[in-house]
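Undergrad: What follows is a single structure, and I will ask about it in a moment.
The values are calculated or read from the model by the stated rules, or taken from the named source; none is laboratory data. This is a predicted model, so every value here is computed, not measured. With ideal geometry, Cβ positions are generated from the backbone for all residues, glycine too; neighbour counts draw on all protein chains shown.
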């Protein structure tokens with residue numbers, strides 16, 4: 001008799017927590033209705049030196065919701081999870097091999113839950129288990145942005161739903177909408193319950209004790225934007241110092257910095273010096289803990305960041321006021337325009353008060369009426385071929401709102417490339433000339449090869 005095996009692919013504890021909440025909320029049926037495999041992938045550039053998921057506090061209780069845990073890295077070793085995928089002719093062989101290795105009967109039905117369907121390992125799994133239905137889950141703000149790349153229709157038609165957290169109530173995700181994939185919310189109470197379990201498991205970590213003793217009232221979040229070549233190391237250090245300066249100006253005298261797990265130690269040193277110069281207490285929490293664990297135990301009065309999803313979870317699930325620093329700088333630096341961080345940046349820039357401009361920190365509420373049209377206009381400008389139906393609404397929005405919208409949202413060059421309102425005839429002419437030049441160059445190169 002055949003049964004169902006559900007494979008849940010994760011690379012972060014936050015993602016695993018999202019899936020655990022979906023399980024707790026009954027989104028995958030009763031506990032005994034299927035075999036559940038947690039497939040863990042470490043996508044770091046050098047996985048051997050990076051923090052493993054099973055080293056994070058809260059991993060044990062989260063993984064306990066699954067029948068077995070399998071390492072994708074070990075399965076495909078020595079290949080890297082982000083680089084390896086099966087050749088088209090080999091998918092049936094790989095499926096047979098994985099079913100045998102993972103103890104899945106040949107008659108068992110497979111269901112997949114994956115993150116980032118545009119890239120490996122999600123694409124590799126979807127290709128290998130070609131008959132499986134696919135759920136995509138989004139564990140952050142990127143679910144509100146457009147699909148990064150065009151999907152083969154054979155894959156897009158298999159996607160059953162998009163599971164996502166309701167971080168901004170009232171805003172519908174754009175991700176996968178061009179394929180008719182319906183979003184499904186993971187209930188807030190289920191996700192908060194998982195976070196509480198993770199926080200309780202981490203309570204005994206000795207590295208948390210010094211933070212609690214200092215009773216910090218403000219949390220500073222690092223993101224390590226230098227790792228994705230958006231800022232230089234020095235600029236990111238300066239960004240963290242700006243966060244501290246803003247929090248001190250707002251009256252906070254005891255602060256905690258939660259660095260990105262892959263950030264170099266020098267970031268903390270530079271920030272510590274700035275805190276000493278300002279005469280305030282700064283504790284650096286360099287431990288394998290979610291930022292949400294910090295919120296649970298410290299009960300801060302303020303969370304400051306650039307555009308981290310952890311800012312919005314602080315507001316949505318813990319009621320902590322938040323403030324932003326540096327979003328305009330990062331948005332101007334973000335290249336190319338379709339970079340998938342653009343919509344998360346715009347969301348924070350639009351919704352969260354700017355600490356350096358003296359705006360009062362606030363809890364992010366439901367999406368204002370201005371947000372959805374803005375997100376869809378940005379989404380069209382990012383991926384115009386995927387959302388052709390949004391061209392006219394975007395053009396209408398630009399005609400009505402562009403003059404009152406900060407110019408870092410819609411650079412003139414991008415508007416000219418798409419022949420949208422807001423670009424000058426001179427810029428459009430320059431774009432046409434550049435395209436003609438590239439076309440002539442390609443024809444010359446083709447002719448030279450034939451000769």
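Undergrad: Among 102, 84, which is closer than 18 Å to residue 6 by Cβ and either surrounded by 13 or more Cβ atoms within 10 Å (Cβ to Cβ) or in contact with a strand residue (DSSP E or B) (Cβ under 8 Å, 6 or more places away or on another chain) (or both)?
TA: When all the criteria are applied, what remains is 102.
Undergrad: Look through the range 198-213, keep the residues that are part of a loop (DSSP other than H, G, I, E, B) and touching a helix residue (DSSP H, G or I) at 6+ places or on another chain (Cβ under 9 Å), and return whichever of them is surrounded by the most Cβ atoms within 10 Å (Cβ to Cβ).
TA: Of everything passing the filter in the range 198-213, 202 is surrounded by the most Cβ atoms within 10 Å (Cβ to Cβ).
Undergrad: So which of 316, 278, 287, 323 ends up being surrounded by 24 or more Cβ atoms within 10 Å (Cβ to Cβ) and either over 21 Å from residue 139 (Cβ atoms) or out of contact with any helix residue (DSSP H, G or I) (no Cβ under 6 Å at 6 or more places or on another chain) (or both)?
TA: Of 316, 278, 287, 323, the one residue that is surrounded by 24 or more Cβ atoms within 10 Å (Cβ to Cβ) and either over 21 Å from residue 139 (Cβ atoms) or out of contact with any helix residue (DSSP H, G or I) (no Cβ under 6 Å at 6 or more places or on another chain) (or both) is 323.
Undergrad: If you don't mind, there's one more thing I want to ask. Working carefully through the options 149, 236, find the one that is more than 28 Å from residue 373 (Cβ to Cβ), out of contact with any strand residue (DSSP E or B) (no Cβ under 6 Å at 6 or more places or on another chain) and either modelled with pLDDT under 95 or outside the structural domain of residue 62 (by TED's automatic domain parsing) (or both).
TA: 236
Undergrad: Shifting gears a bit: Based on this model, can you work out whether residue 188 counts as at pLDDT 95 or above, surrounded by fewer than 17 Cβ atoms within 10 Å (Cβ to Cβ) and in contact with a helix residue (DSSP H, G or I) (Cβ under 9 Å, 6 or more places away or on another chain)?
TA: Against the criterion (at pLDDT 95 or above, surrounded by fewer than 17 Cβ atoms within 10 Å (Cβ to Cβ) and in contact with a helix residue (DSSP H, G or I) (Cβ under 9 Å, 6 or more places away or on another chain)), residue 188 qualifies.
Undergrad: Can you name the residue in the range 272-292 that is closer than 15 Å to residue 249 by Cα and assigned to a loop (DSSP other than H, G, I, E, B) and is also farthest from the chain's Cα centre (by Cα) among such residues?
TA: 279
Undergrad: Please work out if residue 216 is assigned by TED's automatic domain parsing to the domain that holds residue 260 and in a loop (DSSP other than H, G, I, E, B).
TA: Here the answer is yes, as residue 216 does meet what is asked.
Undergrad: Might you check whether a residue that is within 21 Å of residue 289 (Cα to Cα), at pLDDT 95 or above and either crowded, with 18+ Cβ neighbours inside 10 Å or out of contact with any strand residue (DSSP E or B) (no Cβ under 8 Å at 6 or more places or on another chain) (or both) occurs anywhere in the range 165-183?
TA: Within the range 165-183 (the criterion being within 21 Å of residue 289 (Cα to Cα), at pLDDT 95 or above and either crowded, with 18+ Cβ neighbours inside 10 Å or out of contact with any strand residue (DSSP E or B) (no Cβ under 8 Å at 6 or more places or on another chain) (or both)), the answer is yes, since at least one residue qualifies.
Undergrad: Look at the range 242-258 and say how many of its residues are buried (at least 20 other Cβ atoms within 10 Å of the Cβ), touching a helix residue (DSSP H, G or I) at 6+ places or on another chain (Cβ under 6 Å) and not in a strand (DSSP E or B).
TA: Looking only at that region, the number is 2.
Undergrad: OK, next. Going through the range 41-55 one residue at a time, which ones are in a loop (DSSP other than H, G, I, E, B) and either loosely packed, with under 14 Cβ neighbours inside 10 Å or modelled with pLDDT under 90 (or both)?
TA: Matches in the range 41-55: 43, 44, 45, 46, 50, 51, 52.
Residues checked against (1) over 30 Å from residue 317 (Cα atoms); (2) in the same structural domain as residue 13 (by TED's automatic domain parsing); (3) in a helix (DSSP H, G or I):
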position	(1), (2), (3)
82	yes, yes, no
93	yes, yes, yes
98	yes, yes, yes
113	no, yes, no
124	yes, yes, yes
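Undergrad: Just to check your reading of the model, which residue among 165, 141, 171, 175 is under 30 Å from residue 268 (Cα atoms) and touching a helix residue (DSSP H, G or I) at 6+ places or on another chain (Cβ under 7 Å)?
TA: After applying the criteria, what remains is 141.
Rundown of residues vs (1) at pLDDT 95 or above; (2) in contact with a helix residue (DSSP H, G or I) (Cβ under 8 Å, 6 or more places away or on another chain), yes/no style:
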site: 2; (1), (2): no, no
site: 7; (1), (2): yes, yes
site: 14; (1), (2): no, yes
site: 18; (1), (2): yes, yes
site: 26; (1), (2): yes, no
site: 29; (1), (2): no, no
site: 39; (1), (2): yes, yes
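Undergrad: Do we find that residue 155 is modelled with pLDDT of 95 or more and over 21 Å from residue 6 (Cβ atoms) in this structure?
TA: no
Undergrad: Could you figure out which of (1) surrounded by fewer than 19 Cβ atoms within 10 Å (Cβ to Cβ); (2) modelled with pLDDT of 90 or more; (3) part of a loop (DSSP other than H, G, I, E, B) isn't true of residue 230?
TA: With respect to (1) surrounded by fewer than 19 Cβ atoms within 10 Å (Cβ to Cβ); (2) modelled with pLDDT of 90 or more; (3) part of a loop (DSSP other than H, G, I, E, B), residue 230 is out only on (1).
Undergrad: Being under 18 Å from the mean Cα position of the chain (by Cα) and outside the structural domain of residue 223 (by TED's automatic domain parsing) is true for just one of 375, 343, 363, 330. Which residue is that?
TA: 375
Undergrad: With respect to the numbered conditions (1) in contact (Cβ under 8 Å) with a residue 40 or more places away in the chain; (2) surrounded by fewer than 17 Cβ atoms within 10 Å (Cβ to Cβ), which one is the sole condition not fulfilled by residue 125?
TA: Only one criterion in (1) in contact (Cβ under 8 Å) with a residue 40 or more places away in the chain; (2) surrounded by fewer than 17 Cβ atoms within 10 Å (Cβ to Cβ) is unmet by residue 125, namely (2).
Undergrad: To continue, here is another question. Does the range 373-396 include one or more residues that are at pLDDT below 95 and touching a helix residue (DSSP H, G or I) at 6+ places or on another chain (Cβ under 6 Å)?
TA: Taking every residue of the range 373-396 in turn, none turns out to be at pLDDT below 95 and touching a helix residue (DSSP H, G or I) at 6+ places or on another chain (Cβ under 6 Å).
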